[in-house]
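Read-outs: derived from the displayed coordinates by stated rules, not from any lab. This one's a predicted model, so the numbers in the text were calculated from it and none came from an experiment. Note: ideal-geometry Cβ built from the backbone for every residue, glycine included; neighbour counts use all protein chains shown.
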Amino acid sequence: MRRFMRRDRKADSRGRLGMESLENRALMAVVSSMPEVAAVHTSQTMGLTVALCSCSDTGLKGDGITAATAPRFTGMATPRSTVTLALEGGDTLGTVKANPRGIWSFISRRVTIPEGSQVIRATEAASGSTASTTVTFDRQRPTASITFTGLDSFRVTFDRPVTGFTDRLRGLYFSGQPDGAPRFNLPFSSAQLKAYVGRIDFTASPDGRTYDIRMPELPIQSGKFQVRLVAGQSGVVDAVNGNRLAATALSAEQTVA
């Protein structure tokens, strides 16, 4: 009799636990069906925003200067609302609809945004709220000139500030033909050039326009020498807008007697 009652109680206990488990699962199912409400509430409290997408920031990230002809703008708005983007006091760039979480993204292809500093204004149709961001559009490619300043030194001058020029030196070549020797053409990034000229010293001007380059260990030999900066390989020579050079720069021939 005692054994029967113990078994009966155990059976009842398992049965109650089983029912509680089902109830918990049902409750979890209800809770898991509610995230959309929470997401809508969060995006609504953020309000309307607009910014240049980092993918369209072609120069230094975060500086608000771009060379993009079809820039992308992103932001937040009321979920599923319509947002209109326009130049302040100018053309309408277009409209975009925010997704269910309030996120929107727009690429300006129809209107070419003028050069210079421009205010991009976003307006939400339903609420009439507005937000704006200022972006500088600079699509002019930099140009460069190269002159020898001595037997072992030269100067590269750009028409506008550039960045990254002395970091990797891709596109810069030192060419020459010492008397009685084969002609060479070596990129500044190569180990062969460093073995030939030794160390390379750089001095940049504070405004980023002028770079003095000296090779103090260069064996002074009679012959003819040149320096060139190839535009097609000058991705390292970025102006603040991120553009490559407009044309290849070539120094005059330096003759050493």
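Distance between the 7 Å Cα→Cβ label points at A126 and R109: 2.7 nm.
For the stretch 93-252, what class follows from the C-alpha gyration tensor (a ≥ b ≥ c being the square roots of its eigenvalues): rounded when a/c is under 1.5, otherwise prolate if a/b is larger than b/c, else oblate? Verdict is prolate for the stretch 93-252.
Under 1.5 on a/c is rounded, so check that first for the stretch 43-137, then, if it is not, pick prolate when a/b is larger than b/c and oblate when it is not; a ≥ b ≥ c are the square roots of the alpha carbon gyration tensor eigenvalues. Prolate, because a/c is 1.5 or more and a/b exceeds b/c. Remark: the stretch 43-137 carries a charge dipole of roughly 380 debye about the Cα centre, counting +1 on each Lys and Arg Cβ and -1 on each Asp and Glu Cβ. For the stretch 105-139 and the stretch 75-100, compute the distance between their C-alpha centroids and round to whole Å. A separation of 9 Å, based on Cα centres. Available extension along the chain between F184 and A70 is 36.8 nm, counting 0.36 nm per residue and deducting the alpha carbon span.
Placing dummy labels 7 Å off each Cα toward the beta-carbon, the span from T248 to S145 is 2.0 nm.
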